[in-house]
Protein chains: 2
Amino acid sequence: MATGSKRARGGSGRVKLEEVARKANVSTATVSRAFNEPDKVSEEVRQRVKDAARALNWIPNAAGRALASRRTHIAGAIIPTLDNEIFAHQISGMQSVFSERGFTLFLGCSNYDPDEGLRQADAMLARGVEALAVVGESHPPELFEALNSRGIPYVVTYSYNKASPHPCIGFDNRAAFHRMTDHLLSLGHRRFAAIFQPDTNNDRVKERLRGIRDALAAAGLDIAAQDLMMGPSTLEFGAESFAALMTRTVGSRATAIVCGNDNLALGALMAARERGLEAPRDFSITGFDDLAISSRFSPGLTTMKVDNQQIGVLAANELLAVIAGEQARAQSREIVPVMKVRESAGRAQPR
Amino acid sequence: MATGSKRARGGSGRVKLEEVARKANVSTATVSRAFNEPDKVSEEVRQRVKDAARALNWIPNAAGRALASRRTHIAGAIIPTLDNEIFAHQISGMQSVFSERGFTLFLGCSNYDPDEGLRQADAMLARGVEALAVVGESHPPELFEALNSRGIPYVVTYSYNKASPHPCIGFDNRAAFHRMTDHLLSLGHRRFAAIFQPDTNNDRVKERLRGIRDALAAAGLDIAAQDLMMGPSTLEFGAESFAALMTRTVGSRATAIVCGNDNLALGALMAARERGLEAPRDFSITGFDDLAISSRFSPGLTTMKVDNQQIGVLAANELLAVIAGEQARAQSREIVPVMKVRESAGRAQPR
DNA sequence: CTGAAAGCGCTTACAG
DNA sequence: CTGAAAGCGCTTACAG
């Protein structure tokens with residue numbers, strides 16, 4: 001009854017630092033220091049405090065701590081979807097680095113809807129994330145403005161673009177597909193088709209298509225409108241698209257099919273097998289991602305590999321370096337995809 | 001200089017509720033109510049407050065709010081790994097439900113290390129998660145104790161076990177593999193092998209193996225020690241294991257191979273193809289998961305499908321119901337896997 | 001090395 | 001319907 005509060009505000013019920021202080025016979029300041037700046041506390045007192053904390057099973061309340069210290073030790077990541085292992089691997093890499101450094105990770109999925117991405121970013125900002133990673137550059141300007149005006153360090157992942165105003169950790173999607181197309185050109189192909197995932201709100205896909213077109217243009221070629229199939233990134237769509245492409249008469253049919261990813265290419269290869277068609281005898285085809293199955297499939301799929309987990313690791317490290325004040329801004333890092341030449345793409349057959 | 005604080009404690013630099021109140025000419029209490037209990041504020045004042053907030057680009061500080069209200073609007077999920085699409089889909093389902101209800105999601109991966117899972121759970125508890133979902137029951141007792149002693153609602157996902165002391169949202173792994181084994185028995189198989197992922201710290205895998213053994217025991221059969229291959233859940237291990245099993249002389253060789261998941265089964269099927277062996281002519285094989293490729297593969301893979309996204313959705317809804325006080329405890333929900341009978345498992349061939 | 005106390009940015013019981 | 005003010009659980013500048 002001595003110093004009871006005048007208003008009933010029932011606490012959280014959790015043990016609080018004050019109780020630890022009382023039990024250890026020290027001030028609250030000392031308890032705090034014992035955990036956050038241990039060298040500033042004498043060996044003996046430190047031990048006493050830790051014993052008391054353990055005995056009471058105290059877990060510091062992060063809200064109180066965050067309010068007082070203006071640190072949350074929370075980082076956030078926003079990806080389009082977890083249904084794609086590419087992004088899952090990236091998150092996995094980030095998660096482990098952050099966790100190791102005492103950061104907990106918020107995860108948001110935009111489902112390729114920029115507004116949803118913005119909403120989730122706002123929710124994370126309100127909760128005091130100290131850094132944010134977002135996939136790609138296709139986001140509302142408000143998102144980057146919110147980050148910049150609050151001085152929250154961030155990186156764009158998966159895309160890499162020299163000219164970008166944002167720190168990027170990823171690879172040059174355009175250059176990668178330019179390279180793949182050059183490979184097919186060097187095999188003698190002159191007639192190209194493409195099977196792609198949708199490019200709505202997706203700067204990576206747009207860049208990939210541009211890479212193909214750049215390479216073809218340099219050889220005086222292009223992809224005809226009817227030879228560009230765009231749809232869901234499923235085996236089914238890969239298969240259907242392949243079937244559609246093969247309805248063209250042999251003379252005007254593409255000999256090389258560039259797919260936006262391995263899944264689409266594998267779907268096409270399966271459809272081919274059902275029709276008795278074979279790569280590289282009857283056509284050539286390429287993918288992107290180098291899924292585990294792509295190398296073991298028959299024919300082995302020519303594709304490109306990107307270490308997505310590493311993208312996540314690098315992104316987290318850059319963000320942590322900025323948070324720690326080691327650098328003013330996240331630095332861009334370019335990852336170079338590795339080309340995997342296998343049997344699915346061979347020399348163009350004379351017709 | 002009038003009421004300046006006596007101590008320099010430089011704030012966060014962010015706009016705060018107090019400034020919104022000043023601009024709108026109301027008290028801080030009114031600003032808070034305008035957002036959290038709008039009916040308690042007159043139409044006109046509410047509008048004035050919202051305008052002021054917008055003009056100042058105010059985002060509420062979640063730490064302050066959490067401290068005062070003892071609500072964080074944060075939930076957490078701990079899964080073994082994101083490298084498995086099964087868990088990625090589950091998280092995806094949870095994420096979207098939570099996000100819709102104003103909750104932000106912490107994601108932790110234990111990498112099948114119970115201590116790491118516990119550490120992440122503690123970090124989440126310190127940050128005030130209002131609910132937690134964990135995959136499976138293989139966790140240190142401290143984890144569940146911490147949850148229970150703090151009254152944090154939780155669910156175990158993916159596993160379902162009638163006898164479990166925890167609320168479970170998932171399926172009965174043992175029953176599923178019992179069913180699959182019965183299917184193979186009904187096809188006349190009497191000699192079984194299994195290719196499985198490791199069962200360390202993994203109650204789901206242990207239950208699956210038990211399901212197989214239960215079904216076999218009922219038929220007076222068992223799996224010989226050398227016919228149980230256990231290793232990484234990769235195509236490679238599936239392939240190697242198949243090769244190893246096929247080195248046995250035909251008479252003592254398994255005719256049915258039960259795989260712990262589709263990936264292992266697909267690896268085995270690929271190895272078979274390389275050797276000129278074919279299912280179901282030369283052997284029968286089953287998987288679990290029904291990956292997209294499993295139905296299109298040739299032969300189509302007999303397997304079982306679980307809607308993992310739905311598990312995530314149900315888990316999030318249960319947790320939200322408890323948080324909202326609609327029920328005292330999360331309720332268990334059993335999902336029933338759907339059997340997909342395809343060509344890879346056929347009648348046992350006479351030898 | 002340690003403590004008394006102010007302050008972090010909100011919410012909410014109380015009073016009107 | 002609105003406001004004055006206490007309080008949520010910590011950290012930290014200041015003083016010793």
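The values are calculated or read from the model by the stated rules, or taken from the named source; none is laboratory data. Just so it is clear, the structure is predicted and the values come from calculations on it, not from any experiment. Positions of Cβ are generated from backbone atoms using ideal geometry, with glycine treated the same way; all protein chains shown enter the neighbour counts. To get the accessible areas, we keep the full protein, side chains included, count just its heavy atoms, and leave off ligands, DNA and RNA. Shrake-Rupley method; radii C 1.70, N 1.55, O 1.52, S 1.80 Å.
Relative to the dominant Cα principal axis of chain B, helix B:235-246 is inclined by about 20°. Taking every residue in B:340-349 and counting other chain Cβ atoms within 10 Å of its Cβ, the average works out to 0.
In terms of the mean number of neighbouring beta-carbon atoms within 10 Å, the peptides B:317-329, A:67-79, B:107-119 order highest first as A:67-79, B:107-119, B:317-329.
Report the semi-axes of the equivalent ellipsoid for region A:173-306 in whole Å, largest first, where each axis is √(5λ) for an eigenvalue λ of the Cα gyration tensor.
So the equivalent ellipsoid measures 19, 17, 15 Å along its semi-axes.
222 nm [θ] for chain B, helices only, -39500 (n - 2.57) per DSSP H run of 4+, per residue, to 500?
-13500 deg cm²/dmol
Hey, what D do you get for region B:17-60 in µm²/s if you plug the Kirkwood alpha-carbon radius into Stokes-Einstein at 20 °C and 1.002 mPa s? Let's see the in-between values first.
Numbers: Rh = 9.8 Å.
Estimated via Stokes-Einstein, D reaches 219 µm²/s.
Accessible area per residue for region A:17-59 in Å², computed with a 1.4 Å probe and the full protein assembly in place, what is it?
Numbers: 2780 Å² over 43 residues.
Value for region A:17-59: 65 Å² per residue.
Taking Cα atoms only, the orientation of helix B:262-274 departs from the longest principal axis of chain B by about 40 degrees. Two numbers describe the Cα atoms of chain B: Rg and Dmax, which are 27.1, 99 Å. A simple count of charges around A:Val313, restricted to other residues whose Cβ falls under 11 Å of its Cβ and scoring Lys, Arg +1 and Asp, Glu -1, yields -2. Measuring how big region A:36-166 is from its alpha-carbon positions, Rg and Dmax come out at 18.4, 57 Å. Annotation: amide H of B:Met230 within the under-5 Å range of B:Phe196, sequence separation 5 or more or interchain, hydrogens built in the peptide plane. A Cα-only calculation for region A:246-305 places Rg and Dmax at 11.2, 35 Å.
Report the percentage of all Cα-Cα pairs in region B:259-351 whose separation exceeds 21 Å, rounded to a whole percent. Of the Cα pairs, 46 percent sit more than 21 Å apart. Across the identical copies, the label point of B:Gly151 (7 Å from Cα in the Cβ direction) is separated from its matches by 3.9 nm, in order from shortest. Taking every DSSP bridge with both residues inside the protein assembly as shown, close to 15 percent are antiparallel. Within region A:84-140, the ratio Rg/Rh, alpha carbon atoms throughout and Rh by Kirkwood, equals 0.96.
A DSSP coil position with no more than 15 other Cβ atoms inside 10 Å describes the following trypsin sites (Lys or Arg not before Pro) in region B:163-202: B:Arg190.
Solvent-accessible surface of region B:270-330, averaged per residue with a 1.4 angstrom probe and all protein chains in place: 37 square angstrom. Between B:Arg119 and B:Ser295, the FRET efficiency from the beta-carbon distance, with R0 = 45 Å, is close to 0.70. Sites listed here are GluC sites (Glu not before Pro) in region A:239-302 whose DSSP assignment is loop and whose Cβ has at most 16 other Cβ atoms within 10 Å: A:Glu278. Between the amide H of A:Ser284 and those of A:Ala256, A:Ile257, distances stay under 5 Å, these residues lying 5 or more places away or on another chain, with hydrogens modeled in the peptide plane.
Where q = 0.20, 0.22 Å⁻¹, what log10 of I(q)/I(0) comes from the Debye formula for region A:105-243, counting one point per Cα? Values, matching the q order: -1.16, -1.30. Sorted from greatest to least, the principal axis extents spanned by the alpha carbons of the protein assembly as shown come out as 90, 71, 53 Å. Per residue of A:272-285, other chain Cβ atoms within 10 Å of the residue Cβ number 0 on average.
Give me the net charge of B:Gly300's neighbourhood, meaning all other residues with Cβ under 9 Å from the Cβ of B:Gly300; Lys, Arg count +1, Asp, Glu -1. Don't skip to the end; give the middle numbers.
Working: positive: B:Arg296, B:Lys340, B:Arg342; negative: B:Glu343.
Residues close to B:Gly300 contribute a combined charge of +2.
For chain A, which whole percent of the accessible surface, found with a 1.4 angstrom probe, sits on carbon and sulfur atoms?
Working: 7570 of 15390 Å².
Its accessible area is 49 percent carbon and sulfur atoms.
For A:Tyr154, the residues whose modelled amide H falls within less than 5 Å of its own, excluding neighbours fewer than 5 places apart on the same chain, are A:Leu132, A:Ala330.
Roughly how big is the B-A contact, given as buried accessible area in Å² (both sides, 1.4 Å probe, nearest 100)?
Details: alone 17710 and 17680 Å², together 30800 Å².
Roughly 4600 Å² of accessible surface disappears when B and A pair.
Each of A:Ala244, A:Pro198, A:Gly170 was placed along the dipole of region A:166-256 (beta-carbon charges, centred on the mean Cα), and the one lying farthest toward the positive end is A:Ala244.
Shielding by partners for peptide B:56-64, expressed as the average number of C-beta atoms from other protein chains within 10 Å of each residue's C-beta, is 6.
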